[in-house]
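Below: one structure, written as structure tokens.
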């Protein structure tokens, strides 16, 4: 018999063993599903970490040659993990992580957040307005134009978190008053950022929707304070937050009892400087798969460039975003903040005509 | 006179000075434009760094109180830079950088790259096909389906750059043969990656279009070798290349005489791991503003996730991409590379129906 | 006359204008300083945003050819900002970048921050202690060992900012009590994180030094609240903060009147996952060149790996760090947070023997 | 019988199956080792991709409920990969991650790489020299000073990979000649970068050590060409390579038969711009734990700042680096590349006195 024939014969033995392995695995799979059904009836947890550890310990203490301990552990760990999956598929759930309140597994339908006359989670919602409330004239000009276009919500910052303490910090309560006043005059819902838990109560009197900015995505005291109200909130993704951290931040709000959370992708910090941040557009469909919450895109901060705003707006809607946020100022060159990236009224109208 | 009145009076003086400053600046602007016209006629360079340095040195050596040297330098540097801009605006160019051959300033119309029956730079071009050419059966299956859908170009890797030397490295010339053979059978143009300058000559006999992968974006010998052919090339953005570095890499090819370059955004490396890379979708409109070259999006590598591929495809087209590239394999679970991210035939058909 | 002569003649005119501009600017500078002196006497704010806006609006509405609106606005904004600087320099304050209070230009000697028996800014200070205060026994064990080694300051978290609301959030005031009690027993100064402005007043009763964590580096309300006390604070660099943003965050504290700030490099978020964060060791000498504040390195969070802690400790001291922070727990596997990266007592002793 | 008892009974069945699985796997392992011995004798390749594909195809086409195709494929792929490992362990080779040739598990002692009179892997080795070889005078000046200081190796680039095709690309072979000539005159070993596989043979005649630059870390043709020589090579980490990818790149060289590889950490690309790259100093002790290869730090490119070079040099040595590389030029302001970051002769002497 030649060596090649020898190999072929040995390979037949391997094939036979592989079939046996498959039969055993199927049998094992069926049994774990039976166990899962009992656990479900008895409301017992699927995973039993202690039993898994015992099993692995017992296995590797046997004579396992020619395999190494690491090899056997990795094989059985895969088998155990697949068992968990098989059991979860019985239960309709899939793993521990998946029991966050922000996850789809927690809610059968998509969350819709009503703010004044707009509803996040249905047709795209467009939020325009200046970076900061500067004075009544400025706000009136913007609100008037927006109202003419049929828009129903306006933004404007009263508390501005700024890198330097010497930059314009916002008008505070006076800014909220101006915002509320133009909102009432033009029948626009209002949204503005709060930056500290202590502001929530006062600001609630002026605003229809809170905004939590990127820098405060993990300001958990602020998230909890907002969670204890019932007012809608737009939660922006942190400067370098993962999708997972972003959803956990939202969980802080839901966990306090406020379900009215709208997420906002606003770009992440990367090495690239052609844009102010890098718009992580993939995060929108990923988050929509994971969560029942609405998600919109801030096209101003994610790019910092007015010249590509129309294209980015179209891409964001195409990818499934529930809306857009974009800064508009009557006279950007003299704006007190973000003067290079705010649209002027004409640019706003062009963008509006393209997307709305 | 009260102090407030005092301030008002002083402010009037400031206003008067500011008007004088404006008149002087305008006068200055007009003179530099006259200089620019002469320079243009005489074909002299706009910027004269030596003169600028002399001027600044002279200025700061004067009595400049109450200003500091730094303040005066920064003011005059701004004035000098604006002069350069004013002069360039006369010439229709704007700065040194802007004379790269890849830039719009170099070409009055958009580059169109014809490969077989497709033209990059007009209607979106869709490139499908497996990560790697594995055997004839595999390629025939994919090519057949693509041909039925009316597609005109197919991809498949013959030289695979892999992180580990023990991973499948591609079939080499045998892979090119298989690719060429199915291309001819189904009337599909062919594209495949080359990874070394020495392969260019041979591969040119089999391929309709070269691909340069992300790892080789700055393999300048390879770029120059391709630049010396006239064959179309798809140049992928490097893993952590800036937009500027990407365009300079393309310049290596154009500078050798080959104008048939198509760019490909394929995601950049960031901290986020929900996707394999982070699709930098803003790079598409930015590059279209800067360059006359076509640009497409590789939706497979930029996400590494099949579940969001339809949304990402739609966003890429909406943002203005000249096409898409996407991996398709008849049986992804047994693929020799990228098995988790290649679409199977049914997934391909669904995607095709959504976008094409 | 040749064209070159033409250019020379025009350039003489430009030089003449530039001299006139300089004279006007000096005149302007002297007037704004007079205004500043009046404002100072009358306790009026230096910056008058409304007036600046009016001035810019008026300017850009004039005939300004050949300049564009953007050019004129950016020129005058620079002039206005320099005026603010000139006025502030009268007052001893300044918003000029080169004169932030954190910068060397502002202070002739290095800041030293005394906390109990240790002084940051002289010999390296070593801060050890558990991630979180869990109970009295745990804190007593650690404090006892540290005291035996002659250490003089201990850390322990009472308010834990955690990604998930379902993770251990710290013992709150009870944790501060335990920390204070072991501190007194073993004569150790105490440091612990505060995460909201509202906690500052209470926590001040228990702590010798505040810590502001990476997530709160731009929680400006918190920074300002701490700035209004005189208690030392350890300010950690944000997860993806630049050196510049880091120093501006410290400026918020100094600007409120509290000079006792110690900075802490704790790694930044990058694509690399071999470590929890990427220790940006270059930031230490860079910050020491820019700022008079002491800076230490958190070797636990910047690496997340116990196996390289000794080498990283040695490198941090060699690079010039004013100290180290490192987590130690009597029984890391059962720790309520950070269980994989805290040193146990023996590992602490080995590290101590190597570095101290 | 209670439900709990039911679960226990089912679990016993699972345990019994798991024991059977183990026996089958051991039997399988023994057979594949027999096959490996025959393959070894017959000089057949270990991996037979075609057979693996057939086996997987056959398996997933069976009735495999309750498992999914993906689950069965991933299980058997793991089994097949472990078979390859078992067969390789017979042969003394292995593709198992834990037995890459670069890993400590593969070699009992640290690799030492001798280049002329220096040995990498013992006392720190200091490599100085200009970014690029520009002319004989320049090289002679630097070599002379280095020789006076007792240094034994000099660097200088002859092939310069540059972002723009219009930047200085190096003198090529003429540069190698100059480098070799000053090396002989001053008894200095020479190191210089090669950027394409085709250069390796020629360059070998001039150099004592190759350098592979960051841009070419995954130029696998170049790595393999160098791997087929026996000449020492300094392999730089890619711009955004992980530690894992870095080591796999080195594996390409070792796998071709050349063990004389020295690794070089040179900073990674991050969002921070205070430095040219971010020195990932933790990579040094991590790589020393994983690999038996020497590793040095390029303090010039990792920082791009001359002002912190002494501190970074000290930190690199303290962290355990086997050496440093640093650019020195007789007249940096007129250097043809990297003019801002090269040390002049006096700065070199100061650095030398601090570290050597």
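The values are calculated or read from the model by the stated rules, or taken from the named source; none is laboratory data. These numbers come from a predicted model, not from an experiment. Cβ sites come from the backbone with ideal geometry, for glycine too, and all protein chains shown count toward neighbours.
Those helices (runs of 4 or more DSSP H) of the stretch D:157-247 in which 3 or more residues are in the same structural domain as residue D:295 (by TED's automatic domain parsing) and under 15 Å from the mean Cα position of the chain (by Cα) occupy D:220-227. The residue list C:208, C:167 contains one member that is touching a residue at least 24 places away in the same chain (Cβ under 8 Å), surrounded by fewer than 20 Cβ atoms within 10 Å (Cβ to Cβ) and under 22 Å from residue C:326 (Cβ atoms), which is C:167. Annotation note: of B:291, B:240, B:198, the sole residue that is free of Cβ contacts under 8 Å to residues at least 40 places away in the same chain and farther than 30 Å from residue C:239 by Cα is B:198. Within the stretch C:177-202, being surrounded by fewer than 24 Cβ atoms within 10 Å (Cβ to Cβ) and under 28 Å from residue A:199 (Cα atoms) holds for C:196, C:197, C:198, C:199, C:200, C:201, C:202. Here residue C:157 fits the description: under 30 Å from residue A:101 (Cα atoms), buried (at least 20 other Cβ atoms within 10 Å of the Cβ) and within 14 Å of another protein chain (Cβ to nearest Cβ).
Residue by residue, here is whether (1) over 30 Å from residue B:28 (Cα atoms); (2) touching a residue at least 40 places away in the same chain (Cβ under 8 Å); (3) outside the structural domain of residue C:81 (by TED's automatic domain parsing) holds:
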{"site": "C:34", "(1), (2), (3)": "no, no, no"}
{"site": "C:37", "(1), (2), (3)": "yes, yes, no"}
{"site": "C:42", "(1), (2), (3)": "yes, no, no"}
{"site": "C:45", "(1), (2), (3)": "yes, no, no"}
{"site": "C:51", "(1), (2), (3)": "no, no, no"}
{"site": "C:54", "(1), (2), (3)": "no, no, no"}
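Taken over the stretch B:267-276, the criterion of being surrounded by 24 or more Cβ atoms within 10 Å (Cβ to Cβ) and touching a helix residue (DSSP H, G or I) at 6+ places or on another chain (Cβ under 9 Å) is satisfied by B:267, B:268. In this structure, is residue A:301 part of a loop (DSSP other than H, G, I, E, B) and either under 17 Å from the mean Cα position of the chain (by Cα) or surrounded by 24 or more Cβ atoms within 10 Å (Cβ to Cβ) (or both)? It is true that residue A:301 is part of a loop (DSSP other than H, G, I, E, B) and either under 17 Å from the mean Cα position of the chain (by Cα) or surrounded by 24 or more Cβ atoms within 10 Å (Cβ to Cβ) (or both). Can you find, within the stretch C:300-326, the residue that is farthest from residue C:136 (Cα to Cα) among those that are more than 10 Å from every other protein chain (Cβ to nearest Cβ) and in contact with a strand residue (DSSP E or B) (Cβ under 7 Å, 6 or more places away or on another chain)? The extreme case among them is C:322. Would you say residue C:273 is assigned by TED's automatic domain parsing to the domain that holds residue C:189 and modelled with pLDDT of 95 or more? Judged against the criteria, residue C:273 is not a match.
The residue that is surrounded by the fewest Cβ atoms within 10 Å (Cβ to Cβ), among those in the stretch A:228-251 that are more than 9 Å from chain C (Cβ to nearest Cβ) and in contact with a helix residue (DSSP H, G or I) (Cβ under 7 Å, 6 or more places away or on another chain), is A:231. Residues of the stretch C:124-152 that are farther than 18 Å from residue C:233 by Cα and assigned to a loop (DSSP other than H, G, I, E, B): C:130, C:133, C:134, C:135, C:149, C:150, C:151.
Only one of the numbered conditions (1) farther than 30 Å from residue C:322 by Cβ; (2) at pLDDT below 80 is violated by residue C:75, and that is (2). Filtered by the rule that a residue be within 12 Å of chain D (Cβ to nearest Cβ) and out of contact with any strand residue (DSSP E or B) (no Cβ under 6 Å at 6 or more places or on another chain), the stretch B:337-346 gives B:339, B:340, B:344.
Out of the residues in the stretch C:45-56 that are surrounded by fewer than 19 Cβ atoms within 10 Å (Cβ to Cβ) and more than 21 Å from residue B:79 (Cβ to Cβ), state the one that is farthest from the other protein chains (Cβ to nearest Cβ). Per the criteria, the residue is C:45.
The residues of the stretch C:252-265 that are surrounded by fewer than 22 Cβ atoms within 10 Å (Cβ to Cβ) and either assigned to a loop (DSSP other than H, G, I, E, B) or under 8 Å from the mean Cα position of the chain (by Cα) (or both), listed by number, are C:256, C:257, C:258, C:259. Here residue C:73 passes the criteria (1) within 14 Å of chain A (Cβ to nearest Cβ); (2) part of a loop (DSSP other than H, G, I, E, B) except the one numbered (2). Take residue C:59 and decide whether it is under 30 Å from residue B:34 (Cα atoms), buried (at least 16 other Cβ atoms within 10 Å of the Cβ) and in contact (Cβ under 8 Å) with a residue 24 or more places away in the chain. No, not satisfied. Taking the stretch A:12-24 as the range and being facing chain D (nearest Cβ under 7 Å) and either more than 49 Å from the chain's Cα centre (by Cα) or in contact (Cβ under 8 Å) with a residue 40 or more places away in the chain (or both) as the test, only A:13 passes.
Which of (1) free of Cβ contacts under 8 Å to residues at least 24 places away in the same chain; (2) away from chain D (no Cβ under 14 Å) does residue B:179 not meet, given it meets every other one? The number of the failed condition is (1). All conditions but one from (1) within 14 Å of chain B (Cβ to nearest Cβ); (2) touching a helix residue (DSSP H, G or I) at 6+ places or on another chain (Cβ under 8 Å) apply to residue D:42; the one that does not is (1).
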